[in-house]
1. Taking the conditions exactly as written (modelled with pLDDT of 95 or more and either surrounded by 13 or more Cβ atoms within 10 Å (Cβ to Cβ) or of a type outside the set (Lys, Arg) (or both)), does LYS18 satisfy them or not?
2. Go through segment 32-49 and report how many residues are more than 16 Å from the ligand (Cβ to nearest atom) and either closer than 18 Å to THR127 by Cβ or touching a Ser or Thr at 6+ places or on another chain (Cβ under 6 Å) (or both).
3. Let me confirm something: among VAL64, VAL29, which residue is out of contact with any Ser or Thr (no Cβ under 8 Å at 6 or more places or on another chain), over 24 Å from SER131 (Cβ atoms) and not polar (S, T, N, Q)?
4. For segment 93-101, does any single residue satisfy the condition of being aromatic (Phe, Trp, Tyr) and under 19 Å from MET115 (Cα atoms)?
5. Return the residues of segment 8-24 that are within 14 Å of the ligand (Cβ to nearest atom) and either charged (D, E, K, R) or touching a residue at least 40 places away in the same chain (Cβ under 8 Å) (or both); say none if nothing qualifies.
6. Which residues, counting only those in segment 34-49, are surrounded by fewer than 16 Cβ atoms within 10 Å (Cβ to Cβ), touching a residue at least 24 places away in the same chain (Cβ under 8 Å) and closer than 30 Å to GLU20 by Cβ?
7. Return the residues of segment 99-137 that are exposed (fewer than 14 other Cβ atoms within 10 Å of the Cβ) and within 16 Å of the ligand (Cβ to nearest atom); say none if nothing qualifies.
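The values are calculated or read from the model by the stated rules, or taken from the named source; none is laboratory data. Treat the numbers as computed from the prediction; the structure is a model and nothing was measured. Virtual Cβ from ideal backbone geometry, glycine too; neighbours counted across all protein chains shown.
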Amino acid sequence: MIYITRRERFTAAHRLFKEEYSDEKNMDVFGKCSNPNWHGHNYELFVTIKGEIDPETGFLINLVDLKNIIREKIITKVDHKNLNIEVDFLKNKFTSTEVIAIAIWEELENNIKQMGASLHCVKISETENNSVEYYGE
Ligand code: NI
């Protein structure tokens, strides 16, 4: 079994808030990420896949294919966008890094299976110091 990780970056705006809370309570619960006029992050996305090496090529899969599928299914949809209102796979979802990681997993899982590998981990860094990892369970 071999593991390969592809890194991609995207920049996006979002806001963490609950409709039923006042702006003050949202700021108390969600901190700076609840700024009423939005704010942005430079996100890093790490997609780790796993599987057996193809004896013919010596590769797990062609990494260009992995790059292309991540860009097509995720990066083009989120980069320079507002995650709360512009991204189909985040519609009606809370835009915490945790929820985004699970949503990205769900977007990629079948595509990666079709390429002959398994999705192992979706990791997202929202800041240099904070990252979230999702392993599908
Ligand atoms: Ni934020």
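1. Working: modelled with pLDDT of 95 or more: yes; either surrounded by 13 or more Cβ atoms within 10 Å (Cβ to Cβ) or of a type outside the set (Lys, Arg) (or both): no.
It is false that LYS18 is modelled with pLDDT of 95 or more and either surrounded by 13 or more Cβ atoms within 10 Å (Cβ to Cβ) or of a type outside the set (Lys, Arg) (or both).
2. To start, the set of residues in segment 32-49 that are more than 16 Å from the ligand (Cβ to nearest atom) comprises 46-49.
Checking the rest, the ones that are also either closer than 18 Å to THR127 by Cβ or touching a Ser or Thr at 6+ places or on another chain (Cβ under 6 Å) (or both) come to 46, 48.
The number of residues fulfilling the criteria is 2.
3. On the way: VAL29 fails: over 24 Å from SER131 (Cβ atoms).
Unique residue meeting the criteria: VAL64.
4. Looking only at segment 93-101, we keep the residues that are aromatic (Phe, Trp, Tyr), and these are 94.
Filter again for under 19 Å from MET115 (Cα atoms), leaving none.
Scanning segment 93-101 turns up no residue that is aromatic (Phe, Trp, Tyr) and under 19 Å from MET115 (Cα atoms).
5. Filtering segment 8-24 for residues within 14 Å of the ligand (Cβ to nearest atom) gives 10-17.
Listed by number, the residues that qualify are PHE10, THR11, ALA12, ALA13, HIS14, ARG15, LEU16.
6. TRP38, HIS39, GLY40
7. THR127, GLU128, ASN129, ASN130
Residue-wise test of (1) of a type in the set (Ser, Thr, Tyr); (2) over 30 Å from LYS18 (Cβ atoms); (3) within 14 Å of the chain's Cα centre (by Cα).
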residue	(1), (2), (3)
PHE59	no, yes, no
ARG71	no, yes, yes
LYS77	no, no, yes
PHE94	no, no, yes
THR97	yes, no, yes
VAL122	no, no, yes
THR127	yes, no, yes
